[in-house]
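Written out below as structure tokens is the structure these notes cover.
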Amino acid sequence: MQYIYTFKEGNKDMRRLLGGKGANLAQMTNLGLPVPSGFTISTEACNAFYKNHNQLNNETLAQLKTALDQLSQNVGKSFNSLSKPLLVSVRSGAAISMPGMMDTILNIGLNDQTVVALAKITANERFAYDSYRRLLAMYGNVVEGISEATFDTVIEDMKHQNHYQSDLDLTTNDLKQIVSEFKKVYINKLHHEFPQNPTEQLLAAINSVFESWNNHRAEVYRRENNIPSDLGTAVNVQMMVFGNAGKDSGTGVAFTRDPATGKKHLFGEYLLNAQGEDVVAGIRTPQPISTLKEAMPHLYAQFEAIAAKLEFYYRDMQDLEFTIENGKLYMLQARDGKRTPTAAVKIAVDMVYEDLISKQEALMRIKPESVQSILYPEFDEKDLANHDFVASGLPASPGAATGQIYFTAEAAKAAHDEKQQTVILVRQDTSPEDIEGMVVSEGIVTSRGGMTSHAAVVARGMGTPAIVGVNELQVDYQKRSATISGHQLHEGDWLSVDGTQGHIYIGQIKTADTVVNENLSTLLGWAKQESHLGVYANADTPADFSQALRFGADGIGLTRTEHMFFKPERLLEMRRLIIAENAEARQLPLKRLLKMQQGDFYELYKLSAGRSVTIRLLDPPLHEFLPHDEKEIRKVAKQLDVTPTYLEQRVDSLKELNPMLGHRGDRLAVTFPDIYQMQVDAIIGAALQLLDENVIIEPHIMIPLTALKSEMSWVKDLVVNRIEQLLVNKNVRLEYTVGTMMEMPRACLTADEIAEVSDFFSFGTNDLTQLTFGYSRDDVGSFMPEYIKQGILPADPFQTVDVDGVGQLMKMAVEKGRSIKPQLPIGVCGEIGGDPKSIEFFEQIDVSYVSCSPFRVPIARLAAAQASLRNNRVVSQTVSVKSVN
Ligand code: PEP
Ligand code: MG
């Protein structure tokens, strides 16, 4: 069994065996780059070490001896030699990077004799003792478990006594004294001396690195990051080169591109006369790498060329470590660099243009969720650092906002309109009545509700940051105050909300602006070419739709027409309609609403420029449009010119015990057909208006809450008869489709029957999840976090599809629907339509498109492209909602 590999024997594809660091050191060696010689003890040796009761087995020991002899020969230095002493570093390196989780020891091979020899050979006594004190401290910490602070205190005391500012002020004599103090630490703490034998030092160091694989912080890190614990770590043993050998020596780290912006230039820092850990430890302030160009121009040019070569070879941005020893450059590490989402997108797009990677690779490199932070405003990092969040809730709608709090929509609107304040609306929950306050608010916080509650859905649609289900929040409407985690807040106080994280901060935090990113648009364009799934937006207003189009939506997959009734003059007419005693009294408000709705649809159709727009007919229970408290009832009664008693009776008569399971959706069409007829008139009227302008629109009309074929049939007849009548009157033809939402479990179970009378399906997964689980979508905030914490549910099924339950109903519905109509367009327009994990599943069960809030369109698009690429889909064209009859 080969347990040890020289750097010449390995390559970058041997990560599993040699760890990331070992594989890359080997690869750099084989690319002919200046890498100090060394070898890697493999992860298999680590596992053998554990099997052998935490001891290196005989085979490894024998191979280690050979590897050391070979190294000595190669570099012409050996352990304990007084003319050419060999010093080595020992570094851990697992297959999957675990930054800072395991250990490193430098300068192994120094002892009381070799330190003197090193001082003589280099004519630099200070350097020799500086190296020795570092070995004593690192070995003491890693192998013997003495705290770093013990050693740091000795140095700090010395600096303090001599009024030194920096470690560089320590003289040779100081360092000698530090060495002798450090040795005393060994005696005092361990009752034995620091081992003088280099081989003993090396063996103990290797043992400690292997043991560090199972130290507490490494175990926790692995658990958090799902890294299997049987991978083991490798150990790299490498000849030391010294960045602390004098003024023409140094050490640094650099990225081949800016990890914050992605800009293509070397980005990093270095320190002269220092060893690696000084750069990271922050004891001295490093110089920007650009200044190395002036300090050592040849060396800079050499480094620049190596950086370019490595980036070209690895085809990704690299994070490099280097050391300069007496004017000679050595490479110590190369790995793919961590980067911000903005940088990740720019680098991926630039690399396609540089012919380094394909468009498909660029798409696969970006985590869909990560693009969120490019789209939403965030808090200014520096300002945020001065604040701690006081409470958290469900991150219902992403983005950061800061403003003055108000507890009613009215107060919020007044503060916004009359005092020009930026406003955060804080409530127990929201209802359609609050819409005006929600529109003017920069952020919304509710103590109740889940990810598909009213506040969450509306806020996402508007792109307003929102946090719902904040259990630590109590609102007292009477006193116009609230308590958040024990902090008392009053109307007008400042609050800051981070809807991406779900964190609430007291006070005002600056926000940074959202920038529309050109690179992201390019990437999304490629994503569109690659995805089998279409990506549509849930949009109710021209503003939403424009936003969605800017983010590259294929059209609208869901317009919730009820959201169009929220403006004051419309709400009034809607209320007039609802309280009307008979069909005749409904005529006037219907006529007025028709005009308004037709105007809305006209605008949406016009913006669509030929893209598909699917409009859903009225869905929520009617009482949601009515006032509830006494004061509101009196006010509205006056506006409607009825008595408060009459209005109250009407409100009472519409009250339901379970409104979500009650008189809503297509059930309203059966009891109030004239409302649906009015909406059909408005849709077709708008399309005909555009036809007059020579713009051909194919309306797609969607029926909510269907459970039965007979029900869909009834409503479809109502709709189709009305349309045909309108077309005959106008003597024109128009293509149109009438489809259904799939949001009742019964509809999924009988999808073949329902397909017979539907032109398309669109899964309303909010209701489908609610009804499959029996969880109220508006109340999950009270128990869902605990369910997830306890591991009862792996994730909130309102956010990520529940594959085993809801997902199976969907799969069955797709199969049954397509058994009747093989080309049946099938969409998903619930909130999970924009969730990357769910999209992967929708792609597998052959859904045609997803529809989500405008701000999630880019995420969904990227996720859709990745799902298609992963499933090896041959993509011809984005699917649209077309008639199949
Ligand atoms: C759904 O139920 O998933 C849906 C899209 O409809 P709504 O959220 O309006 O009930
Ligand atoms: Mg629904």
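The values are calculated or read from the model by the stated rules, or taken from the named source; none is laboratory data. These numbers were taken from a predicted model, which means no experiment stands behind them. Please note: Cβ atoms are built from the backbone with ideal geometry, for glycine as well, and neighbour counts cover all protein chains shown. These accessible areas exclude ligands, DNA and RNA; they are computed on the full protein's heavy atoms, side chains included. Shrake-Rupley method; radii C 1.70, N 1.55, O 1.52, S 1.80 Å.
Computed quantities for the displayed model
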{"item": "One residue from 535, 468 being surrounded by 19 or more Cβ atoms within 10 Å (Cβ to Cβ) and assigned by TED's automatic domain parsing to the domain that holds residue 842", "result": "535"}
{"item": "Test: residue in the stretch 827-846 that is open to solvent by 10 Å² or more (accessible area, probe 1.4 Å), in contact (Cβ under 8 Å) with a residue 24 or more places away in the chain and among the hydroxyl-bearing types (Ser, Thr, Tyr)", "result": "no"}
{"item": "Residue check, residue 747 open to solvent by 10 Å² or more (accessible area, probe 1.4 Å), within 15 Å of ligand 1 (Cβ to nearest atom), closer than 30 Å to residue 818 by Cβ and at pLDDT 95 or above", "result": "no"}
{"item": "Among the candidates 698, 786, 724, residue that is at pLDDT below 95 and more than 16 Å from ligand 1 (Cβ to nearest atom)", "result": "786"}
{"item": "Matching residues, the stretch 464-514, being within 16 Å of residue 381 (Cα to Cα) and part of a loop (DSSP other than H, G, I, E, B)", "result": "499, 500, 501, 507, 508, 509, 510, 513, 514"}
{"item": "Flag for residue 683 being within 16 Å of ligand 2 (Cβ to nearest atom) and surrounded by 16 or more Cβ atoms within 10 Å (Cβ to Cβ)", "result": "no"}
{"item": "Sole exception among (1) surrounded by 21 or more Cβ atoms within 10 Å (Cβ to Cβ); (2) on the phi > 0 side of the Ramachandran plot; (3) of a type in the set (D, E, K, R) for residue 339, by number", "result": "(2)"}
{"item": "Contacts under 6 angstrom Cβ, first residue in the stretch 754-767 being under 14 Å from residue 827 (Cα atoms) and open to solvent by less than 10 Å² (accessible area, probe 1.4 Å), partner among the small types (Gly, Ala, Ser) and more than 7 Å from ligand 1 (Cβ to nearest atom), 6 or more apart", "result": "755/817; 758/739; 759/739; 759/883; 760/739; 761/817; 762/827"}
{"item": "Answer from 774, 791 - the residue that is more than 16 Å from ligand 2 (Cβ to nearest atom), open to solvent by 50 Å² or more (accessible area, probe 1.4 Å) and not β-branched (Val, Ile, Thr)", "result": "791"}
{"item": "From the options 778, 802, residue that is over 20 Å from residue 714 (Cα atoms), within 16 Å of ligand 1 (Cβ to nearest atom) and in contact with a Phe, Trp or Tyr (Cβ under 9 Å, 6 or more places away or on another chain)", "result": "802"}
{"item": "Test: residue in the stretch 384-404 that is part of a helix (DSSP H, G or I), closer than 22 Å to residue 511 by Cα and assigned by TED's automatic domain parsing to the domain that holds residue 488", "result": "yes"}
{"item": "Test set (1) within 24 Å of residue 469 (Cβ to Cβ); (2) open to solvent by 10 Å² or more (accessible area, probe 1.4 Å); (3) away from ligand 2 (no atom under 16 Å from the Cβ); (4) not in a loop (DSSP other than H, G, I, E, B) - residue 781 fails condition number", "result": "(2)"}
{"item": "Residue in the stretch 502-522 that is under 20 Å from the mean Cα position of the chain (by Cα), within 22 Å of residue 800 (Cα to Cα) and of a type in the set (Asp, Glu) present", "result": "no"}
{"item": "Residue satisfying condition, being under 25 Å from residue 342 (Cα atoms) and either open to solvent by 30 Å² or more (accessible area, probe 1.4 Å) or touching a residue at least 40 places away in the same chain (Cβ under 8 Å) (or both), within set 595, 510", "result": "510"}
{"item": "Boolean, residue 123 is touching a helix residue (DSSP H, G or I) at 6+ places or on another chain (Cβ under 6 Å) and modelled with pLDDT under 95", "result": "no"}
{"item": "Wholly enclosed helices (runs of 4 or more DSSP H) of the stretch 163-227 bearing at least 3 residues open to solvent by 20 Å² or more (accessible area, probe 1.4 Å) and out of contact with any helix residue (DSSP H, G or I) (no Cβ under 9 Å at 6 or more places or on another chain)", "result": "172-190, 216-224"}
{"item": "Tally of residues being away from ligand 2 (no atom under 16 Å from the Cβ), open to solvent by 10 Å² or more (accessible area, probe 1.4 Å) and at pLDDT 90 or above across the stretch 604-629", "result": "6"}
{"item": "Count of the stretch 634-677 residues which are open to solvent by less than 60 Å² (accessible area, probe 1.4 Å) and either within 28 Å of residue 704 (Cβ to Cβ) or in the same structural domain as residue 566 (by TED's automatic domain parsing) (or both)", "result": "22"}
{"item": "Qualifying positions in the stretch 426-457 - surrounded by fewer than 24 Cβ atoms within 10 Å (Cβ to Cβ) and among the basic types (Lys, Arg)", "result": "448"}
{"item": "In the stretch 283-305, residue nearest to residue 269 (Cα to Cα) [restricted to those that are in contact with a Phe, Trp or Tyr (Cβ under 7 Å, 6 or more places away or on another chain) and open to solvent by 40 Å² or more (accessible area, probe 1.4 Å)]", "result": "287"}
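To keep it simple, each residue is scored yes or no on (1) out of contact with any Gly (no Cβ under 9 Å at 6 or more places or on another chain); (2) open to solvent by 10 Å² or more (accessible area, probe 1.4 Å).
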position: 499; (1), (2): no, no
position: 525; (1), (2): no, yes
position: 540; (1), (2): no, yes
position: 546; (1), (2): yes, yes
position: 550; (1), (2): yes, yes
position: 557; (1), (2): no, no
position: 563; (1), (2): no, yes
position: 566; (1), (2): yes, yes
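A quick yes/no check of all residues on (1) open to solvent by 10 Å² or more (accessible area, probe 1.4 Å); (2) at pLDDT below 95; (3) within 23 Å of residue 201 (Cβ to Cβ); (4) not in a strand (DSSP E or B):
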| site | (1), (2), (3), (4) |
| --- | --- |
| 26 | no, no, no, yes |
| 39 | no, no, yes, no |
| 61 | yes, no, yes, yes |
| 66 | yes, no, yes, yes |
| 102 | yes, yes, yes, yes |
| 129 | yes, no, yes, yes |
